[in-house]
Amino acid sequence: MKVADNFALTAVSVVDGHGGPPVDDQAVIVRDGRIDAVLPMAQYRRADDVQELALDGHYVMPGLIDAHVHLSGGRAQIDDQEIGVIAEPKLMRAVRSVYEAQQLLKRGVTAARDVSWNGLYLKRLFFEQQIPGPKVIACGPGLTRTGGHADLHQFTHDYVQENGVWGIMADGRDEVIKSVRMLLREGADAIKVFASGGDNWPHDRNHDVHYSFEELQACVEEAHRQKGTIVMCHAENREAINMAVDAGCDTIEHGEDIDEELAAKMARNGTILVPTLQLIVNWYRDFVPVGDAVQPKPRPDAFLYRDLYDSHDEAFGEQYSSQAVQSFQTAKAMGVKIALGSDTVYEPLTKYGEYSALEFRALVEYGMTTSEAITAATKTSSEAVGMSHLIGTVEPGKLADLLVLRQDPTQDPMVLYNADNIYLTFCDGKLTVQDGIFAW
């Protein structure tokens, strides 16, 4: 199918991203990459310079926005994880990350906020429009303390700084400020900071706080000095989340330890939660085995003897999962804005594109209506990535990042989970994917 620069999607039902029901029998007119008008068919008038695409029975909605991915280019299984990812040359990982970004696009994700070195350069590559790809809202690697969540303890400090995937080590105010400036120099749209552990290895405990308030505040102040820069903060325990909110971080990633008081503060401050439910709720099922599933490692990780004999059985994993769901539901009930972020990190554990769809399904499974999940995955995610003035809703003036669906996405989360329902995907008004195949 060839589509002109100016076109109209006619006789469609519009799901605009604001949370209401589909509006039937509409025309969406696109001129030069932007939405020019959305109006009832009764008011629509043909124009000689506008190509018509008759789409009776189809639904138009904003492209999905995944606010938390890692286009790391790595490959690993559960037994080697970060060791496997960092073992390959950076060039190999960079090349493979192109495929990862394109897989997101094939599942309707037209924009994604990425935490990796690769994203800083993928955004330039796709902007050239020589090959199709989503908008990559790039953070670059996140800031982690030495020995923090994004450090890779199995390798030397210098090797991690040079070859690490998700993080650069920065300790103290001065190093934090310098690292933020370095990332902004590379064109980072946002800054990621790891305020807590993440339980990736024995002494990366998610109940530990990894940065002081002064360090976090320095990160936020320096990032915000460049107007519009978003700060996303990995925070998995209540102290770290509270500190991040007080420091002015714009989004909280994971945040599985939120009570009503903290949720109320987040709602007042406009702090957005990106709960990454599919990953967090299934952490001790899919990523860190517990109980009988634990296998001895041929090379023991660094560990703390005082923790070595603690019991991490199935009951422990279930309690953690339940806490994560409760935290999400508390935040939702207290009016915290919630965005979709999958934390897709590497294959085969988290398949690019599919994992974003699983996160959409998880938002509904754990408490949102399907319409609320659509708003989370479009309008609120556009706010989380600092792009709400350009994308995230179907309305005049916005860039035409649009999906055309065969079924009503507000009725069942499986409509968006099933890629066969995505007929057309437009990026900047350019037909990019048709039935899962790139159109150019």
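The values are calculated or read from the model by the stated rules, or taken from the named source; none is laboratory data. Since the model is a prediction, treat every value here as computed from it, not as a measurement. Note that each Cβ is placed from the backbone with ideal geometry, even for glycine, and that neighbours are counted across all protein chains shown.
When you scan the stretch 362-379, do you find a residue that is touching a helix residue (DSSP H, G or I) at 6+ places or on another chain (Cβ under 6 Å), more than 28 Å from residue 155 (Cβ to Cβ) and among the basic types (Lys, Arg), even just one? Scanning the stretch 362-379, I find no residue that is touching a helix residue (DSSP H, G or I) at 6+ places or on another chain (Cβ under 6 Å), more than 28 Å from residue 155 (Cβ to Cβ) and among the basic types (Lys, Arg), so the answer is no.
Taking residues in the stretch 39-56 that are part of a strand (DSSP E or B), and partners anywhere that are surrounded by 13 or more Cβ atoms within 10 Å (Cβ to Cβ) and charged (D, E, K, R), the pairs with Cβ atoms closer than 8 Å and at least 6 places apart or on different chains are 40/25.
Among residues of the stretch 356-384 that are basic (Lys, Arg), those with a Cβ under 6 angstrom from a residue that is modelled with pLDDT of 95 or more and outside any helix (DSSP H, G or I), sequence gap 6+ or separate chain, pair up as 379/17; 379/392; 379/393.
For a quick check of your reading: which helices (runs of 4 or more DSSP H) sit entirely within the stretch 171-259 and have at least 1 residues that are in contact with a Phe, Trp or Tyr (Cβ under 7 Å, 6 or more places away or on another chain) and in contact (Cβ under 8 Å) with a residue 12 or more places away in the chain? Answer list for the stretch 171-259: 238-247. In the same structural domain as residue 200 (by TED's automatic domain parsing), touching a Lys or Arg at 6+ places or on another chain (Cβ under 9 Å) and either among the polar types (S, T, N, Q) or at pLDDT 95 or above (or both): is that true of residue 119 in this structure? Taking the combined requirement at face value, the residue satisfies it.
Based on this model, can you work out whether residue 164 counts as modelled with pLDDT under 95 and among the small types (Gly, Ala, Ser)? When the stated conditions are applied, residue 164 passes them.
Only one of the numbered conditions (1) among the β-branched types (Val, Ile, Thr); (2) assigned to a helix (DSSP H, G or I); (3) modelled with pLDDT of 95 or more; (4) over 30 Å from residue 425 (Cα atoms) is violated by residue 98, and that is (4).
Selection of the stretch 67-90 for residues being in contact with a Gly (Cβ under 9 Å, 6 or more places away or on another chain) and modelled with pLDDT of 90 or more yields 67, 68, 69, 70, 71, 74, 75, 90. So, residue 82, is that one of a type in the set (Asp, Glu), free of Cβ contacts under 8 Å to residues at least 60 places away in the same chain, surrounded by 15 or more Cβ atoms within 10 Å (Cβ to Cβ) and over 30 Å from residue 406 (Cβ atoms) or not? It is false that residue 82 is of a type in the set (Asp, Glu), free of Cβ contacts under 8 Å to residues at least 60 places away in the same chain, surrounded by 15 or more Cβ atoms within 10 Å (Cβ to Cβ) and over 30 Å from residue 406 (Cβ atoms).
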